[in-house]
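In what follows, a single structure is set out as structure tokens and then discussed.
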Amino acid sequence: MPHNPNDPATLPGGGEAGLPEALRTPTVNVKRSWVASVVAINIGINIVFFAPINVLLGLQATAIDAGSKEAILSLVTACGASVALVANPLFGALSDRTVSKMGRRSPWILAGAILGAASLLMLSGATTVGLMLLGWCGLQAGANSAYAAVTATIPDRVPERRRGGIGGLAAMGQTVGILLGAVVGFMITGNIAVGYIICAAALVVSVIPYVLRANDPALPREFRPPFNLLDFVKGFWINPMTHRDFGWAWLTRFMMNTGNQMTIVYLLFFLTDVVKHPDPAGGVLILTGIYAIMVIISAVLLGPISDRSGKRKIFVIVSSIVVASSALIIAVSQNFAGAVIGAAVLGLGFGAYLAVDFALLTQVLPSAKSRGKDMGVINVANSLPQVIAPALAFFAVKVLGGYTALFIVAAIIGIFGALLVRNIRSVP
């Protein structure tokens, strides 16, 4: 990590004498078993996010009140998204300050998994909107606690020269988790309770390999700063004028995710109303599968290539443009063959983007002392587009002229995000 004059945890000349291991720049390669445990957590977390979002919550809303199912689902998911926006940076910041023999991150991974599993079990028996809302918000709090902590372990433990490859494997874990979430939704054949119980078991099992091993270096108590509530709250604001590269990295990731979300949010309606596909739900499943396969392939391949080249920005810029081009392909073709090609191109670009941009982000963090909080702030750039993109998509379809306008706007946002990556100066 380059010297940051605003960060007392980094010393001039790259020296870190006197710092505990938890605050040093990692230089030793991690073991494959450690990488596998991080990937497993990513799989488990994404199963419990996407099985409910794709299937279980909708079925449950219908069972509670079929006439108000859309309103119930919107209320529950919106509240859950609001919890996620706060929980990720909050638990990341708390993990930065944690003094424990288990290290800074493991306690929050374990506690998050326990809270998430308990919330899923609550959801399995929820027969009212109130219980459904409480269970989903509890899951978002628990899963985001675990996610914030496990995301921070990569800059904690992985040398910069290896982060593209590890980022690619983490992206693979996320995508596999999404696919397995879809499989859970398909397998339950309407038995909502069984689906939630499977998710709870998957989450708990996924964290066991990590928390049972001594994975996290401990933070000595004397290196934990005194707690001041005002300073703690103010710490979530990272001034983009002071930390310019971090600010540009956050903005470009936000724009990239917004464009990507706009491309996929109305995919079912696009297949129904424009393509006239005979089985729109089946069409979405096919496109999702193609997309996921391409994400896994490109993430696993391009991350290590970026590591070997020592460059990040060119990979992020090119992959962002590839993602934007997928929206243009769908806008121009407007048939299922075009959607298939668009899904493949989208996956190809987004997999490479996920792997390499993650590595880039870990290299512009403001402070070694607050990696968890800073990565949590970065994760807001992943979550916030899920709230904003549907509104933008609605405006494009209803006001700007339909689905062609929607995909063109998504492409423009992505291309601008790609061009702004050039403003990041400290990473080649």
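Listed values for region 78-92 are Karplus-derived 3J(HN,Hα) couplings in whole Hz (6.51 cos²θ - 1.76 cosθ + 1.60, θ = phi - 60°), namely 5, 5, x, 5, 5, 4, 4, 4, 8, 5, 4, x, 5, 6, x, and x replaces Gly and Pro. Each residue of region 295-310 was assigned a 3J(HN,Hα) from its phi angle through the Karplus curve 6.51 cos²θ - 1.76 cosθ + 1.60 (θ = phi - 60°); the sequence is 4, 4, 4, 5, 5, 5, 7, 6, x, x, 4, 4, 4, 5, 6, x Hz, with glycine and proline shown as x.
Using only helices, what value at 222 nm comes out for the chain when you add -39,500 (n - 2.57) per DSSP H run of length 4 or more and divide by the total residues, to the nearest 500 deg cm²/dmol?
Here the helix-only value at 222 nm equals -24500 deg cm²/dmol.
Between F336 and L75, the modelled labels are 3.8 nm apart [label points 7 Å from Cα along Cα→Cβ]. For R32 and K234, the difference between the fully extended length at 0.36 nm per residue and the C-alpha to C-alpha distance is 68.9 nm.
The apolar share of the surface of the chain, taken as the fraction of accessible area on carbon and sulfur atoms (1.4 Å probe, ligands and nucleic acids excluded), comes to 70 percent.
In the elastic network of the chain, a GNM with C-alpha springs shorter than 10 Å, the most mobile of L365, L120, L384 is L384.
Give, in nm to one decimal, the length gained when the segment between L268 and I208 is fully stretched (0.36 nm per residue of separation minus the Cα-Cα distance).
Details: separation 60, 0.36 × 60 = 21.60 nm, distance 3.66 nm.
This chain segment gains 17.9 nm when fully extended.
Largest first, the extents of the alpha carbon coordinates of region 351-428 on the three principal axes equal 48, 25, 21 Å.
Straight Cα distances below 29 angstrom link K69 to the lysines K276, K398, with same-chain residues fewer than 8 positions distant left out. Probing with 1.4 Å while keeping every protein chain in the model, the per residue accessible area of the chain equals 42 Å². What separates the Cα centres of region 317-349 and region 113-170 is a distance of 30 Å.
Per residue and in Å³, how big is the convex hull formed by the alpha-carbon atoms of region 22-171? Write out the running numbers ahead of the final one.
Values: hull volume 16.2 nm³, N = 150.
With only Cα atoms used, region 22-171 gives 108 Å³ per residue.
Using DSSP to define loop residues, name the trypsin sites (Lys or Arg not before Pro) in region 48-103 whose beta-carbon has at most 10 other beta-carbon atoms within 10 Å.
Values: sites: K69, R97, K101; in loops: R97, K101.
Those satisfying the criteria are K101.
If we count chymotrypsin sites (Phe, Trp or Tyr not before Pro) as exposed when they sit in a DSSP loop and have at most 10 other beta carbons within 10 Å, what is the longest stretch of the chain that avoids them all?
Numbers: sites that count: F227, W237.
Answer from the scan: 1-226.
Counting only the Cα atoms, the chain fills a convex hull of 136 Å³ per residue. Within the shell of other residues whose beta carbon sits under 15 angstrom from the beta carbon of L406, the net charge comes to 0, with Lys and Arg scored +1 and Asp and Glu -1. The phi torsions of region 19-33, fed into the Karplus equation with coefficients 6.51, -1.76 and 1.60 and a -60° offset, translate into couplings of 7, x, 4, 4, 10, 7, 6, x, 10, 9, 4, 7, 7, 4, 5 Hz, rounded to whole numbers, with Gly and Pro shown as x.
Applying a threshold of 28 Å to the alpha-carbon distances of K311/K373; K313/K373; K101/K313; K31/K373; K31/K101 flags K101/K313 as lying beyond it.
The values are calculated or read from the model by the stated rules, or taken from the named source; none is laboratory data. Small disclaimer: the values here were computed from a predicted structure and weren't measured. Ideal geometry is used to build each Cβ from the backbone, glycine not excepted, and the neighbour counts take in all protein chains shown. For the accessible areas, the whole protein counts, side chains as well, though only heavy atoms, and no ligand, DNA or RNA atoms are used. Shrake-Rupley method; radii C 1.70, N 1.55, O 1.52, S 1.80 Å.
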